[in-house]
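Only one structure is covered here, and it is reproduced in the block below.
The values are calculated or read from the model by the stated rules, or taken from the named source; none is laboratory data. The structure displayed is predicted, hence computed values, not measured ones. Using ideal geometry, Cβ is built from the backbone for each residue, glycine included, and neighbour counts are taken over all protein chains shown.
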Amino acid sequence: MPLNLEDKKSIVAEVSAIAADAHSAIAAEYHGLTVSEMTQLRSNARNNGVYLRVVKNTLARRALAGTEFECMSDGLVGPLLLAFSQEDPGSAARLVKDFAKEHDKLVTKMVSIGGEMLAPGELDRLASLPTKDQAISMLMSVMKAPSEKFVRTLNEVPGKLVRTIAAIRDAKQA
């Protein structure tokens with residue numbers, strides 16, 4: 001069913017608003033996926049904080065104009081779905097990567113983060129980025145490591161003294 005002008009404007013405005021706030025974007029070819037597989041992909045996207053949309057390429061070009069994902073405009077050819085990471089930069093990449101493991105019809109065509117186009121092979125690198133909680137956990141472990149080492153070092157002095165006295169006691173008893 002053809003879209004009227006108002007529908008097209010609303011789609012462009014919606015995608016443009018999402019793209020303005022997104023951390024990264026993935027464009028993937030979905031040709032050959034069944035309706036149930038696409039429904040499963042959309043469900044996974046909702047659960048992972050990823051905005052997933054199939055948009056006509058001309059409307060997508062208009063929506064991406066003026067955003068940091070404008071670099072993707074030249075590659076919008078063929079049946080593509082756009083996945084925008086809303087929560088952390090790697091969520092859309094993880095979604096597409098995990099879904100593509102089971103469904104070989106989903107092929108990554110473009111990857112963009114921070115206004116830069118990356119090769120489709122960089123999807124794995126983007127998917128391996130830690131989530132916000134994981135990054136905070138890593139930072140906290142790095143921050144508390146020096147104090148833990150200091151405490152262990154201070155504790156070693158009396159521990160060594162106790163072991164030395166115990167060794168002398170054992171030697172005298174023998």
Next on the checklist: Going through Ser147, Ser128 one at a time, which residue ends up being touching a residue at least 12 places away in the same chain (Cβ under 8 Å) and of a type in the set (Gly, Ala, Ser)?
Outcome noted: Ser128
Checklist entry - Can you pull out the residues in segment 31-71 that are at pLDDT 90 or above, of a type in the set (Ser, Thr, Tyr) and closer than 16 Å to Phe84 by Cα? => result Ser43, Tyr51
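Looking only at strands (runs of 3 or more DSSP E) that fall completely inside segment 62-174, which ones have 3 or more residues that are surrounded by 13 or more Cβ atoms within 10 Å (Cβ to Cβ)? Don't jump to the end; show me each part of the working.
On the way: elements: 80-85, 107-113, 116-118.
Where strands (runs of 3 or more DSSP E) fall fully within segment 62-174 and carry at least 3 residues being surrounded by 13 or more Cβ atoms within 10 Å (Cβ to Cβ), they are 80-85, 107-113.
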Item to check | Those residues of segment 32-56 which are surrounded by 15 or more Cβ atoms within 10 Å (Cβ to Cβ) and in a helix (DSSP H, G or I), in sequence order | outcome: Glu37, Met38, Gln40, Leu41, Arg42, Asn44, Ala45
Item to check | Which numbered condition Leu3 fails, given (1) assigned to a helix (DSSP H, G or I); (2) at pLDDT below 90 | outcome: (1)
Next on the checklist: When you check Ala83 against the structure, is it modelled with pLDDT of 90 or more and among the small types (Gly, Ala, Ser), yes or no?
Outcome noted: yes
Checklist entry - What is the number of the single condition among (1) more than 17 Å from the chain's Cα centre (by Cα); (2) crowded, with 19+ Cβ neighbours inside 10 Å that Ile26 does not meet? => result (1)
Checklist outcome for this item: In segment 29-59, anything under 15 Å from the mean Cα position of the chain (by Cα) and among the small types (Gly, Ala, Ser) is listed as Ala45, Gly49
